[in-house]
Every structure is written in C-alpha cells, then in structure tokens.
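Here the structure is laid out as structure tokens; the discussion comes afterwards.
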Amino acid sequence: AEAELDLRAFQPFFLDFTPPHALTTGDEIELSTIVRNYSERKEEIALSFAPSAWASPLSSSSSQISVEPGQSASVG
C-alpha cells in the first residue's frame, strides 16, 4: 500500500540563534539571539550563558525578557 499526505510541523516558541561556524583563540564576538513566540500567551524568559573551558562571557551572562504572543524579541 502507498499513501501521500501533507504534514505540517510547527514550534510555537523557539530561539533563533546562529553562532559563527569557526572562531580563533582570542576572538571576541557579540552573540545575539531572537526569541520568537508564536504561542497564544505572553512568555517570561530567562536566558543564560554557561561559561566553559573554551568560552566565557565578557559581560552579564544572563537576561530576563518578556515576549508577547505572536511577537519576537532580540537579546544580545
């Protein structure tokens, strides 16, 4: 048997984050993140960056934002 149908996958809430593909030791970059909220309610978001052996934040490593339904917000 064989069947064909359309399938729609959708995430009502997600982060749009695109870090560089490559970095060199000593590079300093600013990473911005777009928080997209396609849900039906306001979302309160806490974002944080955990330091590691290969990367550490130069300023505050956490943010708190509010994103209204159907909206997006930029952090960074």
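The values are calculated or read from the model by the stated rules, or taken from the named source; none is laboratory data. All values derive from a computational prediction rather than experimental measurement. Note that we place each Cβ from the backbone using ideal geometry, even for glycine, and neighbour counts take in every protein chain shown. When the accessible area is computed, the model is the full protein with side chains, heavy atoms only, and any ligands, DNA or RNA have been set aside. Shrake-Rupley method; radii C 1.70, N 1.55, O 1.52, S 1.80 Å.
Excluding ligands, DNA and RNA, what is the solvent-accessible area per residue of the chain at a probe of 1.4 Å, expressed in Å²?
Heavy-atom SASA per residue in the chain reads 87 Å².
Here are some values of mean projected area of the Cα convex hull in nm²: (i) 5.4; (ii) 6.2; (iii) 8.6. Which one was computed from this structure?
Checking each listed value against the structure points to (iii).
Which of the three applies to the range 9-53, rounded, prolate or oblate, going by the alpha-carbon gyration tensor with a ≥ b ≥ c and a/c under 1.5 meaning rounded?
Here the range 9-53 falls in the prolate category.
Given the protein chains as shown and a 1.4 Å probe, how many square angstrom of Leu31 are accessible, to the nearest 10?
Roll a 1.4 Å probe over it and Leu31 shows about 70 Å².
Which distance in nm do the two modelled labels at Leu23 and Ile65 give, with both placed 7 Å along the Cα-to-Cβ direction?
According to this spin-label approximation, the distance is 1.9 nm.
Quick one: which residues, 5 or more positions from Ser39 or on another chain, have an amide H under 5 Å from its amide H? H modelled 1.01 Å from N in the peptide plane, none for Pro or chain starts.
HN-HN under 5 Å from Ser39: Gly70.
In whole percent, and with a 1.4 Å probe on the protein chains, what portion of the accessible area of the chain is carbon and sulfur?
49 percent
How would you order 69-76, 8-15 from highest to lowest mean count of nearby Cβ atoms within 10 Å?
The packing order, highest mean first, is 69-76, 8-15.
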